[in-house]
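What follows is a single structure, written as structure tokens, with notes after it.
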Amino acid sequence: MADLGDPDVGTVFYRTNDPIENLKIKVDLKRVTTAAIVPPTGPQQDGTVELQDMQSAYPQIYEPESLVVEWQQKVFSQKEIETYRHDNPDFNVIERKYHEEITILLKNETPTNRLFTYVDHDSFSYMDSLYMTTSPKEKPSHLAVKLSEVRQRRFGGRQKREREYSNIPKSNVIEPKPSKEFLLKNHLVPPPLQVMYIMADLSPKGSPPSPDNEYVLCEIVLQAPGVLSINPDFNCGRVPYIVETTSHSNDCGGEIFEYTIDHKSKRQNSQEKDKEVKMYREVYNRHKDFLQACIGHDFEIPMPNVLRLVVYGEIESTKGFESESLYLNFFVDLPKHWYVGSHQQMAWVTQTCYTKIEDNEDVAHFSYPFSFELFYRNDSVRDDNKEDMPHFPVIMIEVLSLDSWNRFCTEGYTYMQIPTKPGVSKHTINCWRPVGNSVVDRLRRFFIGGSPELEDPTYTFVPSTFEGSNLSRFGFRTESTGTVSLRLNVLMQSRQFLEMKVNKRNVGNLLENMGITAMNVNIGNVLEAFKKARLKMLGAREEASKALLKDGVEAES
């Protein structure tokens, strides 16, 4: 965590809707003092040593310097001027452009600036990815150098048009002896970012410029449209940043410089702000109208006397089964008067999952999601004009196992009825499987696979063909196996809910369905019991006071 006196708080991210070309940053640099505490000495004629005056020891004083740069504005350093001032046939396109700009610049004056910039297409913009530490002894690996060449940050112009319109050249597709420039030009997969560095050349005056004396004052990265990161942040009134150079000679030590970074982009006046707010408001209103036109103004409501049921579920895990490789086969059984509105999947098969030991039990985590939408409608007429509670659909689940010999075995059956109350609920249901009447069935299951199965899977709950009033499973031999955990999120929608809310005569029924009436009854029961207990306590207190008074009268007599 940064110290309170340290202005550097690390990389700061900014979000803006304005074009990045409007960004302007000002950097002020000035020399504070030399890092050498004792000024240099000079020998005398008589052999004595005399301390030299600070002004005479350092006659070359650095003047403060300021620089205001825009986004991706190139400001040449002294080293670049010396490198590109003379024409060279080996220059590439960027270097030749730099040569032309420097030639025009030298016609007017010879710059002596110490502040300069590295933009996105300079080689320095990807040199930071070569090093893992700040040690000067570190050397980049061969892999890091090659990766830095692949990561081209500049992407546009011809390459962008060729990708958009698939304009691939028909000749010279394969280069037998590619040059380094050819590799850098044709390596793709550029990340969506641009970088810019504001640098300072702090070489001692009178000495030739060297890359060892170049220091990064500010790093600006455009990570995504509208997302800008700056390291270090703008000073905003805080103390200046400090950079200390290394020693270049034995006579004197390094030097200390301080600099500030300020935001100098053009500010909006009140009229421009109002205009921008009005423009954004119009854009948002148009987008809102477009969404309303796509979705519609009316909320989707089912047909009259129709209950819409939407279920989002997840098979979470199984626990306690014998086999190590399990999968589930389950489907939704629809009772009478239930139907599916559109073609959708109503049966699922999960992936095969291996178990692991948790709390001394074999657990298999599936996390298998599923969803379906059903409708209920009963148009039959009843004499009492009362709607019976419908039987909700049932999820039939079959747990199976698959071993390394591709042998299938039934591990258990179970079912889960959809809750009649909407909301999120978690359930853990027990499983069972049928067993044979002899030991041969168990031996067959162990050696060759296979086990007794149900011909009708709905027999797990109530068979679909059953129409009687009593269902007997007497004589059917089963054994308990494991458990299945699942989570359900149930949503219900019907016009009757809205009518019950609007109609005051049925508000009591609505509250009763929501459970509010039951809560009020429970609260009333608690208060009534408290009143009875309080009356009993008061009665006991009166009887105790009467007994004490009677004992006192007898003692006096």
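The values are calculated or read from the model by the stated rules, or taken from the named source; none is laboratory data. Remember, it's a predicted structure, so these values are computed and weren't measured experimentally. Cβ: placed from backbone, ideal geometry, glycine included. Neighbour counts: every protein chain shown.
Kindly indicate the residue of the range 184-237 that is modelled with pLDDT of 85 or more and part of a loop (DSSP other than H, G, I, E, B) and also nearest to Glu255 (Cα to Cα) among those meeting that condition.
Leu202
Checking the structure you have, find out if any residue of the range 475-494 is among the hydroxyl-bearing types (Ser, Thr, Tyr), exposed (fewer than 11 other Cβ atoms within 10 Å of the Cβ) and at pLDDT 65 or above.
No, because not a single residue in the range 475-494 is among the hydroxyl-bearing types (Ser, Thr, Tyr), exposed (fewer than 11 other Cβ atoms within 10 Å of the Cβ) and at pLDDT 65 or above.
Conditions first: (1) modelled with pLDDT of 85 or more; (2) out of contact with any Lys or Arg (no Cβ under 6 Å at 6 or more places or on another chain); (3) part of a loop (DSSP other than H, G, I, E, B). Ser265 passes all but one, so which condition is the exception?
Checking Ser265 against (1) modelled with pLDDT of 85 or more; (2) out of contact with any Lys or Arg (no Cβ under 6 Å at 6 or more places or on another chain); (3) part of a loop (DSSP other than H, G, I, E, B), the one that fails is (2).
Inside the range 285-368, counting only strands (runs of 3 or more DSSP E) that do not spill past its ends, which hold 1 or more residues that are closer than 17 Å to Leu486 by Cβ?
Correct list: 307-319, 325-333, 347-349.
I'm trying to understand the selection: among the residues of the range 290-320, which are touching a Lys or Arg at 6+ places or on another chain (Cβ under 9 Å) and of a type in the set (Val, Ile, Thr)?
Ile301, Val306, Ile315
I need every pair where a residue in the range 93-113 that is in a loop (DSSP other than H, G, I, E, B) has its Cβ under 9 Å from the Cβ of a residue that is at pLDDT 85 or above and among the aromatic types (Phe, Trp, Tyr), sequence separation at least 6 or different chains.
Sorted first by the residue in the range 93-113, then by its partner, the pairs are Pro111/Phe76; Asn113/Phe76.
Could you tell me which of the residues Gly412, Gly468, Gly475 is in the same structural domain as Phe331 (by TED's automatic domain parsing), of a type outside the set (A, V, I, L, M) and more than 30 Å from Val340 (Cβ to Cβ)?
Criteria check complete, one pass: Gly475.
Pull up the range 400-410, narrow it to residues that are under 18 Å from Phe331 (Cβ atoms) and modelled with pLDDT under 90, then point me to the one that is surrounded by the fewest Cβ atoms within 10 Å (Cβ to Cβ).
By that ranking, first place goes to Phe408.
Just one of (1) modelled with pLDDT under 90; (2) closer than 28 Å to Leu374 by Cβ; (3) under 47 Å from the mean Cα position of the chain (by Cα); (4) among the aliphatic types (A, V, I, L, M) trips up Ile397, so point out which.
All conditions pass for Ile397, except number (1).
Give the number of residues within the range 398-431 that are among the hydrophobic types (A, V, I, L, M, F, W, C), more than 17 Å from Val363 (Cα to Cα) and not in a loop (DSSP other than H, G, I, E, B).
4
Yes or no: the range 319-335 includes at least one residue that is of a type in the set (Ser, Thr, Tyr) and more than 21 Å from Trp432 (Cβ to Cβ).
No; the residues of the range 319-335 include none that is of a type in the set (Ser, Thr, Tyr) and more than 21 Å from Trp432 (Cβ to Cβ).
Could you list all residues from the range 416-453 that are of a type in the set (A, V, I, L, M, F, W, C) and at pLDDT 85 or above?
Met416, Ile418, Val424, Ile429, Cys431, Trp432, Val435
Within the range 298-343, how many residues turn out to be farther than 24 Å from Tyr413 by Cα and in contact with an Asp or Glu (Cβ under 9 Å, 6 or more places away or on another chain)?
8
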